[in-house]
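Read the structure below first, then the notes.
What follows is calculated from the coordinates using simple rules that are stated; it is not laboratory data. Here the structure is a predicted model, which is why all the values come from computation and not from measurement. Please note: Cβ atoms are built from the backbone with ideal geometry, for glycine as well, and neighbour counts cover all protein chains shown.
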Ligand code: OGA
Ligand code: NI
């Protein structure tokens, strides 16, 4: 197996197709919609045209890109540089801020998705320092804990840049939440209350070149758990989305300075399956490292996730039973679940 640690090896049915005769898996596609947000610069603009585009994208794909989104380009360059400089540090430095069994934030290079190791290293930090979450995934346990960020000594301006980027990406996430709400025929602030003590976090992903990109994945197939994700990726490419209509893997075309938005599990449940939380994964390659920065927009721990009353009816009964966000979040984050020979928690477990 050419020296690749077997922990990284995907089951045959999950390996990317690298056969040149079928380059379908790697050819960049234009199919995923790109939405121009420039009209939002006018505070009095009519948001319904954008909301209509968003509705279509969320139903068909659960993924879209946004351009002219208002996130400052300079800040994006700085945060990309800070992330690259951090990953460039000697391993002993990175391990000083390693996540542990209690605190899921910090550096981590042993993440497993569905029990197979990902070909990546990550650095995570909460938007809110500190963030309140349940102490354990056990349903009966009501204890809460305060989780805090871990910051490296260098780069020296790392923390400041991270926090500034986080504030800007949060603003955009709230704008998108409003547009999604409008797209569902609901008041613009319908979801806002769920985010008062949000558990959102940012992640820096680094995917090094991989000797066996045909056997491993940068991130194995998964769905994001929260409300939505705002992802900044570089121009290398590698993100693939499972098409809702037939499950085929579609490679997202990198558009410089665009941001990728995807619907998470909470939004799929709130909309009773109208909007789609797509499965996605990251393929790696032998020559180019890749960086990406997702912002996972997550509700407050106490939020009950269930189909919205306004969106259900006799003809459209709820597809999901209610669940608690905090317990879902903690269960997903358990650093030991990789050792459990079970799948991690999925919304399908709450199907009515
Ligand atoms: C993730 C993810 C995609 C990417 O971190 O959840 O899906 O392109 N990342 O890095
Ligand atoms: Ni993801």
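At q = 0.09, 0.16 Å⁻¹, what log₁₀ I(q)/I(0) does a Debye calculation on the Cα points of segment 221-352 give, no solvent, two decimals?
-0.31, -0.92
Just to be sure I understand the model, the point goes 7 Å from the Cα along the line to the Cβ. What's the resulting residue 245 to residue 98 distance in nm?
4.7 nm
Could you tell me what % of all Cα pairs in segment 1-129 have separations over 18 Å?
On the way: 6141 of 8256 pairs.
Of all Cα-Cα pairs in segment 1-129, 74 percent lie more than 18 Å apart.
By how many nm would the segment from residue 349 to residue 91 grow when fully extended, if each residue of separation counts as 0.36 nm and the alpha-carbon distance is taken off?
Gain in length upon complete extension: 89.1 nm.
Count the DSSP beta bridges whose two residues both fall in the chain, then state the antiparallel fraction as a percent rounded to the nearest 5. Walk me through the numbers on the way to the answer.
Working: 46 of 52 bridges.
That works out to approximately 90 percent antiparallel.
With each run of n ≥ 4 DSSP H residues scored as -39500 (n - 2.57), what mean residue ellipticity at 222 nm is computed for the chain after dividing by its residue count and rounding to the nearest 500 deg cm²/dmol?
-6500 deg cm²/dmol
How big is the chain on each of its three principal axes, counting only the C-alpha atoms and giving the largest first in Å?
57, 52, 42
Contact order normalised by length for the chain, with contacts defined as Cα pairs under 8 Å and 6 or more residues apart; what percent is it?
Numbers: 714 pairs, mean separation 78.0, N = 352.
Reported as a whole number, the value is 22 percent.
Once the principal axes of the Cα atoms of segment 248-298 are found, what is the range along each, listed largest first in whole angstroms?
Extents along the principal axes, in whole Å: 42, 25, 17.
Once the convex hull of the alpha carbons of segment 126-277 is built, what does its volume come to per residue, in cubic angstrom? Mind dumping the intermediate values first?
Values: hull volume 27.2 nm³, N = 152.
Convex hull of Cα atoms, per residue: 179 Å³.
For segment 76-163, report the convex hull volume of the alpha-carbon atoms normalised per residue, in Å³, without decimals.
Values: hull volume 10.4 nm³, N = 88.
Each residue corresponds to 119 Å³ of Cα convex hull volume.
Under 8 Å for C-alpha pairs, at least 6 residues apart: give me the relative contact order for segment 224-272, rounded to a whole percent.
51 percent.
Could you order the peptides 6-14, 168-176 from most to least packed, using the average number of other C-beta atoms within 10 Å per residue? Each step should come with its number before you reach the end.
Working: 6-14: 12.3, 168-176: 19.2.
Top to bottom by mean Cβ count within 10 Å: 168-176, 6-14.
Relative to the present Cα-Cα distance, how much length would full extension add between residue 302 and residue 145 at 0.36 nm per residue of separation?
Here the segment from residue 302 to residue 145 would lengthen by 55.2 nm.
In nm, give the distance between the simple-model label positions of residue 159 and residue 59, each being 7 Å from the Cα along the Cα-to-Cβ direction.
So the two model labels end up 4.8 nm from each other.
Quick check for you: which residues of segment 62-90 have the amide N under 18 Å from the point 7 Å beyond the Cα of residue 42 toward its beta carbon?
So the set is 68-70.
Given the Cα-Cα distance of residue 17 and residue 174 and 0.36 nm per residue of separation, how much length would full extension add, in nm? Let's see the in-between values first.
Working: separation 157, 0.36 × 157 = 56.52 nm, distance 3.73 nm.
Taking residue 17 through residue 174 to full extension adds about 52.8 nm, to one decimal.
How much space per residue, in cubic angstrom, does the convex hull of the C-alpha atoms of segment 175-246 take up?
Numbers: hull volume 10.3 nm³, N = 72.
Dividing the Cα hull volume of segment 175-246 by its residue count gives 143 Å³.
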